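Remarks on the structure that follows.
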Amino acid sequence: MMELAELQKFLTSLTPVSHMQYQLWDIQGKMLFPAPEGSPHEPRISKALQKMAGLVAAEKRFRYGYISKQYFLCGFPLSNGQGMLGSLVAFDPEPCSEALNSPDTTREKAKAMEKFLGNLASLVQANWTAQEEIQELAEELEQSFEELYLYGKIASQIKTLKLSNRMLVGLITSLLNNLRADMAFAILPERQEFNTFVSKPNTDKRLDNALSFQQKLLDYIPDDAPSLKEKYFIINDSKENVSYQRLHRDSYRFLGVMVAHEDNFYGWLGLVSFNMKEIFRQGELRMMVSLAEQLSVVISNTGLYQDLEQFIINMVKSLVFAIEAKDVYTRGHSERVSRLSMRLAKHLGLKGKDYEELRWASILHDIGKIGIPEDILNKPGRLTDEEFDVIKEHPSKGFEILSPVSQLEGSLPGILHHHERVDGKGYPSGLKGEKIPFNSRIIAVADTFDAISSTRAYRSSKSSDEAMAIVKEVSGTQLDPQVVAALVELVEKEGVE
Ligand SMILES: [Fe+2]
């Protein structure tokens, strides 16, 4: 592949053989390939050469003629498949009076030159096109590489199944830092709690009300803007649009992309920049559109995820309802134990996974009662030792029932050991003190407190003061003193419920 410099060398080398000088002109009338050094042309010659280049390119055909009836010159158009590139001009620096040549001779010479320049033009065109293609390819590659790099950097922010504020703030901050903007935002009308706005320092000062500014940027997008088919809208200079101009005294650029998945529209991602020396690049647009698409999938998944979560909660409620339907005296017990357990957990500083595991363990702690005969569960008066042995099986039964549910794995120990006592006299394993899972110790306190303060088959309910007194009495023997202390504090502070 010939470089322009090599081409120039090649054309120059033709001069001694053909006694002609060659020039390469682009379509804008700029001389790309200068005349050989050492033969500076007089202004009138330069002018004539330029004129020839322009005419040839405009008429798209070979032309020839004389400068001041003295110097022979001719030109051949250069084009590629898409359009004119410019022209190739040849000029005889030796004066050769037109008058001395017969018209036939001139025509013959012109004919030969046309053929020669035509071949030369094909060569130049191929080279020129190749050069342009290489240049374009290089630019495209560079841009793709840049996009890929940024994409990897930013897309990692949305590798999640569930929409969260933390994820959106991370994403919007990355957009702001990597896409040469002064503000970036996400507006999700149906999920306003997730609306996110991040700006560069000092940019806030340009705005009286950032939210209203963002909202108006979106409101002014015309419904029939053609780019909306491609899910974006661009204002490259706010001064060129009356509505957008009114929004801010300074000129700004705005790029908005729709967050939409299939037929569902969720909102917009937006970028604003006050730097008018730049424009939004294709790569930036492509990246925003692609990120908005990913975000829309996350939002759509979040809805599915929430449905699934609600489905599971309802299933668990049904299960709990099934146990409580068997035992008329414990109606609402599981839910009350769960609520109190969660309050205790919060008070004790439990977080994250432990907290979630306790939620399931506490609501499902008595699920094993589903396998206990009703006449034992509902027997008024004291149970025989045999009957009590059957009742004592419910934690292990609960453990067995839920063991196949892998998602509940972390909650199983809490269920299995909720009847252990810190003095080791509980069941099913006789675990002591801190050997008992913390979740079980919390459930045990909530369970005991609720059992005493609610009506049971064998006795009527006691007041919460009395219940509290009994709980305190068994602190350190049956119940964990740390959890009992938390209950005392909680009830003093917030009351029973
Ligand atoms: Fe129980």
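The values are calculated or read from the model by the stated rules, or taken from the named source; none is laboratory data. Note that the structure is a prediction, hence the values are computed from the model and not measured. In this analysis, Cβ positions are derived from the backbone assuming ideal geometry, glycine residues included, and neighbour counts consider all displayed protein chains.
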Conditions (1) without any contact (Cβ under 8 Å) to a residue 40 or more places away in the chain; (2) in contact with a strand residue (DSSP E or B) (Cβ under 7 Å, 6 or more places away or on another chain); number of the one not met by residue 422: (1)
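Look through region 220-235, keep the residues that are farther than 24 Å from residue 205 by Cβ, surrounded by 15 or more Cβ atoms within 10 Å (Cβ to Cβ) and not charged (D, E, K, R), and return whichever of them is nearest to the chain's Cα centre (by Cα). Reasoning before the result, please.
So the first thing to find is which residues in region 220-235 are farther than 24 Å from residue 205 by Cβ, and the list is 221-234.
In the following step, the residues that additionally are surrounded by 15 or more Cβ atoms within 10 Å (Cβ to Cβ) were identified as 221, 231-234.
If we keep only those that are not charged (D, E, K, R) too, we end up with 221, 232-234.
Numbers: 221: 22, 232: 15, 233: 18, 234: 19 Å.
For region 220-235, the residue satisfying everything is 232.
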Let me confirm something: among 403, 396, which residue is within 13 Å of the ligand (Cβ to nearest atom), on the phi < 0 side of the Ramachandran plot and hydroxyl-bearing (Ser, Thr, Tyr)? 396
Looking only at helices (runs of 4 or more DSSP H) that fall completely inside region 339-443, which ones have 1 or more residues that are modelled with pLDDT of 90 or more and among the β-branched types (Val, Ile, Thr)? 352-363, 385-391, 412-416
For region 1-88, give me every one of the strands (runs of 3 or more DSSP E) that falls completely inside it and has 3 or more residues that are closer than 18 Å to residue 117 by Cβ, touching a helix residue (DSSP H, G or I) at 6+ places or on another chain (Cβ under 9 Å) and at pLDDT 80 or above. 21-26, 63-67, 71-79
Among the residues that make up region 292-304, is at least one of them over 16 Å from the mean Cα position of the chain (by Cα) and under 30 Å from residue 407 (Cα atoms)? yes
Log entry, pairs with first residue in region 54-67 being farther than 12 Å from residue 90 by Cβ and acidic (Asp, Glu), second being crowded, with 18+ Cβ neighbours inside 10 Å and modelled with pLDDT of 90 or more, beta carbons closer than 8 Å, six or more apart or on different chains, reads 59/77
For region 406-435: of the residues being more than 14 Å from the ligand (Cβ to nearest atom) and under 44 Å from the mean Cα position of the chain (by Cα), which is farthest from residue 351 (Cα to Cα)? 406
Being more than 14 Å from the ligand (Cβ to nearest atom) and of a type outside the set (Ser, Thr, Tyr) narrows it down to one residue among 361, 325; which is it? 325
Criterion violated by residue 375 - all others in (1) within 16 Å of the ligand (Cβ to nearest atom); (2) farther than 18 Å from residue 335 by Cα; (3) free of Cβ contacts under 8 Å to residues at least 60 places away in the same chain satisfied: (1)
Meets criteria (more than 13 Å from the ligand (Cβ to nearest atom) and free of Cβ contacts under 8 Å to residues at least 12 places away in the same chain) for residue 476: no
Cβ pairs under 8 Å, 6+ apart, first in region 389-406 and touching a residue at least 24 places away in the same chain (Cβ under 8 Å) and assigned by TED's automatic domain parsing to the domain that holds residue 363, second away from the ligand (no atom under 14 Å from the Cβ) and in a helix (DSSP H, G or I): 399/412; 402/408; 402/411; 402/412
Are there any pairs with C-beta distances below 9 angstrom linking a residue in region 4-22 that is under 19 Å from residue 50 (Cα atoms) to a residue that is acidic (Asp, Glu) and not in a helix (DSSP H, G or I), with the two at least 6 apart or on different chains, and if so which? 20/92; 21/92
Go through (1) modelled with pLDDT under 90; (2) within 16 Å of the ligand (Cβ to nearest atom); (3) at negative phi and name the single condition residue 332 misses. (3)
